[in-house]
1. Six or more apart or on different chains, Cβ atoms under 7 Å: show the pairs whose first residue is in the stretch 13-42 and closer than 16 Å to residue 78 by Cβ and whose second is basic (Lys, Arg).
2. Mind counting the residues in the stretch 50-85 that are of a type in the set (S, T, N, Q) and under 19 Å from residue 26 (Cβ atoms)?
3. Tell me which helices (runs of 4 or more DSSP H) are completely within the stretch 130-214 and hold 2 or more residues being under 19 Å from residue 116 (Cα atoms) and either modelled with pLDDT of 80 or more or in contact with a Lys or Arg (Cβ under 8 Å, 6 or more places away or on another chain) (or both), or say none if there are none.
4. Return the pairs, sorted by first residue and then second, in which the second residue is open to solvent by less than 30 Å² (accessible area, probe 1.4 Å) and assigned to a loop (DSSP other than H, G, I, E, B), the first residue lies in the stretch 118-130 and is touching a residue at least 24 places away in the same chain (Cβ under 8 Å), the beta carbons are less than 6 Å apart, and the residues are 6+ apart or on different chains.
5. Please indicate, with yes or no, whether at least one residue in the stretch 180-192 is touching a residue at least 40 places away in the same chain (Cβ under 8 Å), of a type in the set (Val, Ile, Thr) and in contact with a helix residue (DSSP H, G or I) (Cβ under 6 Å, 6 or more places away or on another chain).
Amino acid sequence: MSLIVRESGESTFIPVPPGMHLARCYRVIDLGTQKTEYQGQVKLLPKILVQFEIHGEDESGQKLITSKGEPMSIAKTFTLSLAEKSTLRKDLSSWRGRDFTKEELRGFELKNILGVWAMLSVVKTTGNNGKEYANIATINPVPAAIKKSGLPEAFNPATIFHIAEADMDVFETFSKGIKEKIQASPEWQASQSRAQQGKPANDGFDDLDSDIPF
């Protein structure tokens, strides 16, 4: 699964290098229903994008920052499901250090992962187009020793974007690719239609909601 998409033409974008990195979850984005294809099968599935800011250094001791001096970021797309074999459940369980209980599986509030620190294992992969991408392989809890030494200061505001209650100021901060994905979803198109008709919005993004802390 490609986690970083580069536009055609020249780009100065530098992907997060492979390795284990200290990171903070700063944004969860509702992508709506997206078309996916795997082993020849095409499915329409609800998707979310989880974004992390990276805090650390590369092998040469250089800080992992962008040309603007900001922390690098990386993201992973998930199907919005806590089914037994779902990647979201696997990664959240690994991140928490334990699996979900039966009670917790009845609903999980995604905003609980906002602002939470993690150790990300980042790997480099080559796409079918021959380009290299940085992917999040695993998400793990931060070791106690690192917590005791003190975590870095957070950079990005913790934000959750929900199509049904779309904050357009937040939407405008997204990349072109993310905007186009959201706008292509039936949930976005329906919400825009309802907005024009003055009707309240509603979609399936709250399926995991509950009062359970992360």
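The values are calculated or read from the model by the stated rules, or taken from the named source; none is laboratory data. As the structure is a computational prediction, the values presented were derived from the model and not from experiment. Methodologically, a virtual Cβ is constructed for each residue, glycine included, from the backbone with ideal geometry; neighbour enumeration extends over all protein chains shown. In case anyone asks, the SASA skips ligands and DNA or RNA and just uses the protein heavy atoms, side chains included. Shrake-Rupley method; radii C 1.70, N 1.55, O 1.52, S 1.80 Å.
1. From residues that are closer than 16 Å to residue 78 by Cβ, the pairs are 31/47; 31/181; 34/47; 34/181; 36/43.
2. In the first step, residues of the stretch 50-85 are kept if they are of a type in the set (S, T, N, Q); the result is 51, 60, 62, 66-67, 73, 77, 79, 81.
Now drop any that are not under 19 Å from residue 26 (Cβ atoms), which leaves 51, 66, 73, 77.
The qualifying residues number 4.
3. Output list reads 144-149.
4. Filtered contacts from the stretch 118-130: 119/142; 122/16.
5. yes
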